[in-house]
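Worksheet for the structure shown next.
The values are calculated or read from the model by the stated rules, or taken from the named source; none is laboratory data. Treat the numbers as computed from the prediction; the structure is a model and nothing was measured. Positions of Cβ are backbone-derived with ideal geometry, glycine not excepted, and every protein chain shown enters the neighbour counts. We work out accessible area using only protein heavy atoms, side chains counted, and drop any ligands, DNA or RNA first. Shrake-Rupley method; radii C 1.70, N 1.55, O 1.52, S 1.80 Å.
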Amino acid sequence: MKLLLLDADHCLGRALINESDSRSDVELIIERSRQCPLPQLKAWAPDAVIFPPLLCPAGVDYAEIIEHVEQVEAVMTACREHGVPLVWFVSDQIFDAGSDMPIEESVLPSPRDEGLQRLLETGNRIRSGLAEHFIVRTGPLMALEGRNAWLARMLDELVDGKCQRAAEDEIVCPTPAQAVARAVIGMLSQQFSGANAWGAYHLAGVEPVSLYTFHGVVRHQLEIQLARRNIDLTLGEITPLHHHHDQPLRRVLNCRQMLETFGVHQKPWRLALDAMLEQWCQARFDEEKGP
């Protein structure tokens with residue numbers, strides 16, 4: 001299975017590179033740009049093109065969203081001309097109003113924000129213009145390397161003693177980037193083995209949590225890792241924010257269709273967090289000590 005990865009420096013791109021390195025059934029073509037002209041696509045002849053998400057689109061300039069979607073649509077056009085499937089990832093922030101109940105894959109987003117509406121338009125264009133596609137909506141990606149590696153930035157700020165602010169009334173499903181990479185390669189492998197299940201899917205963590213609580217858990221687990229290494233540091237504090245005064249905003253994605261179609265089981269993010277903190281501390285502190 002030959003896959004073309006665009007925007008390879010993205011944290012999900014790094015996770016896909018790591019995952020493909022451990023497999024013998026995947027050939028990954030790595031492209032650091034987010035562009036794939038038709039002649040180049042023909043030359044590479046991949047089985048599918050993977051386009052990582054614009055993370056936190058609700059918090060970026062409108063111009064950045066426009067740049068992202070125009071690049072996605074250009075790649076979609078090339079894929080349609082050459083008959084290549086496209087896998088496009090979208091942040092769960094596309095559901096900007098949230099929902100009291102877990103959000104099913106069949107629910108089309110109806111964002112109020114102008115930038116998010118533009119993301120939705122691109123999704124609709126992919127649905128209508130490219131039969132073979134995956135649109136994968138994910139929770140906030142947990143990663144230690146690559147652009148927008150949210151967890152790594154959080155840990156750096158904590159050990160530097162910087163105060164962090166996080167919403168106490170925003171409920172999300174943190175999602176390890178490595179788990180997403182593993183799942184999407186599995187999905188594509190099944191597709192090319194006859195699954196015939198293109199469409200939109202949710203792929204998020206299974207343990208909803210407020211952003212404030214998540215930050216607090218990360219801080220507490222980091223303290224434990226530092227204590228094991230006899231490292232005495234005063235970590236930065238976490239302070240709560242309140243954005244939604246009437247009731248908490250819940251962006252909890254129901255991943256049932258992913259499970260039923262491809263057998264993808266998501267583990268609690270706390271399990272992945274422990275391993276990621278161990279890895280981060282080894283790189284940050286153990287390697288600094290040297291032999």
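FRET efficiency for the Ala45 to Glu207 pair, using the beta carbon distance and R₀ = 35 Å, is estimated at 0.30.
Of the beta bridges in the range 141-274, as assigned by DSSP with both residues counted there, near 20 percent are antiparallel.
At 1.4 Å probe size, with every protein chain present, just tell me what the per residue accessible area of the chain comes to in Å². Write down the numbers at each step before the final one.
Working: 13320 Å² over 291 residues.
The answer is 46 Å² per residue.
Between the helical axis of 269-281 and the longest alpha-carbon principal axis of the chain there is an angle of about 70 degrees.
Taking all protein chains as present, what is the carbon and sulfur share of the accessible area of the chain, in % to the nearest whole number, probe 1.4 Å? Let's see the in-between values first.
Details: 6230 of 13320 Å².
Here it works out to 47 percent.
Look at the alpha carbon pairs under 8 Å that are at least 6 residues apart: their mean separation over the length of the chain gives a relative contact order of 20 percent. Using the average count of surrounding beta-carbon atoms within 10 Å as a protection proxy, the listed peptides 151-157, 111-117 rank, highest first, as 151-157, 111-117.
Shape call for the range 179-256 from the C-alpha gyration tensor, a ≥ b ≥ c root eigenvalues: rounded (a/c under 1.5), prolate (a/b greater than b/c) or oblate? Numbers along the way, then the final one.
On the way: a/c = 5.05, a/b = 1.63, b/c = 3.09.
Because a/c hits 1.5 or more and a/b fails to exceed b/c, the range 179-256 counts as oblate.
Between the amide H of Ala200 and those of Ile135, distances stay under 5 Å, these residues lying 5 or more places away or on another chain, with hydrogens modeled in the peptide plane. Bridge orientation summary for the chain: considering DSSP beta bridges with both residues in this region, about 5 percent are antiparallel. Sort the range 69-151 into rounded, prolate or oblate with this rule: let a ≥ b ≥ c be the square roots of the eigenvalues of the Cα gyration tensor; rounded if a/c is under 1.5, and if a/c is not under 1.5, prolate when a/b is larger than b/c, oblate otherwise. In terms of gyration-tensor shape, oblate. If you find the alpha carbon centre of the range 14-55 and of the range 223-272, how far apart are they in angstrom? For the range 14-55 versus the range 223-272, the Cα centre distance is 28 Å.
Between 0 and 90 degrees, the angle of helix 150-159 with respect to the longest Cα principal axis of the chain falls at about 20 degrees. Taking the C-alpha atoms only, the angle from helix 62-82 to the longest principal axis of the chain is near 40 degrees.
Computed packing ranks the peptides 198-204, 70-76, 264-270 as 198-204, 70-76, 264-270, most packed first, by mean other Cβ atoms within 10 Å.
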